[in-house]
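Participant: Quick one: this structure, given as structure tokens, is what I'll be asking you about.
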Amino acid sequence: MYSKIRIAGIVLIVSVLIYRCSAALIVPTAVDAQKTGTPLSTLVQGREMYIGHCGSCHYLYLPEKLTASEWNREVNLMQRKAKINDDQKEVILKYLTAKSRN
Ligand code: HEC
């Protein structure tokens with residue numbers, strides 16, 4: 001009984017942490033889609049792929065921390081570490097640069 005409760009507690013804590021990390025990442029809007037000429041569904045997918053591929057080694061840097069050109073450089077550097085192909089890299093970059101620092 002004790003260990004079941006403990007496992008439930010750990011699951012709860014981990015869920016809360018995952019939720020909080022991803023919730024802090026700004027969600028793309030229709031305005032971003034219009035501004036960047038990228039479909040909103042692509043931006044949303046980019047956010048999900050960023051969460052899925054980029055958060056295992058370090059915390060997810062907020063998009064607004066870097067400029068678009070800095071993101072280009074960083075994501076190129078990270079491509080091999082994250083084991084993503086060029087298409088995945090492009091989608092992630094679309095999201096990050098749509099929300100980057102100007
Ligand atoms: C396999 C582990 C790993 C994965 C996966 C990974 N990174 Fe990294 N990342 C690192 C390490 C290690 C560093 C520190 C710099 C270095 O050694 O290259 C780093 C550094 C960074 C930095 C620079 C931070 C700074 O303070 O300058 C950024 C931005 C970044 N990563 C973004 C990403 C993005 C975006 C992805 C997904 C495409 C990603 N990372 C996936 C390991 C990883």
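Participant: Take segment 55-71 and flag every residue that is open to solvent by 30 Å² or more (accessible area, probe 1.4 Å), within 11 Å of the ligand (Cβ to nearest atom) and assigned to a helix (DSSP H, G or I).
Facilitator: Within segment 55-71, Lys65, Glu70 qualify.
Participant: While we're looking at this one, here's another question. I'd like to know if segment 87-99 contains one or more residues that are more than 10 Å from the ligand (Cβ to nearest atom), in a helix (DSSP H, G or I) and surrounded by fewer than 17 Cβ atoms within 10 Å (Cβ to Cβ).
Facilitator: Yes: one or more hits.
Participant: Please verify whether Gly46 is more than 17 Å from Asp87 (Cα to Cα) and under 13 Å from the mean Cα position of the chain (by Cα), treating the condition exactly as stated.
Facilitator: When the stated conditions are applied, Gly46 does not pass them.
Participant: Considering (1) open to solvent by 50 Å² or more (accessible area, probe 1.4 Å); (2) more than 10 Å from the ligand (Cβ to nearest atom); (3) under 18 Å from Arg101 (Cα atoms); (4) touching a Leu at 6+ places or on another chain (Cβ under 7 Å), say which one Glu74 fails and leave the rest.
Facilitator: Answer for Glu74: the failing condition is (2).
The values are calculated or read from the model by the stated rules, or taken from the named source; none is laboratory data. Note that the structure is predicted; figures quoted are calculated from it, not measured. Glycine gets a Cβ as well: all are built from the backbone with ideal geometry, and neighbour counts include every protein chain shown. All accessible areas refer to the heavy atoms of the entire protein, side chains included, with ligands and DNA or RNA removed. Shrake-Rupley method; radii C 1.70, N 1.55, O 1.52, S 1.80 Å.
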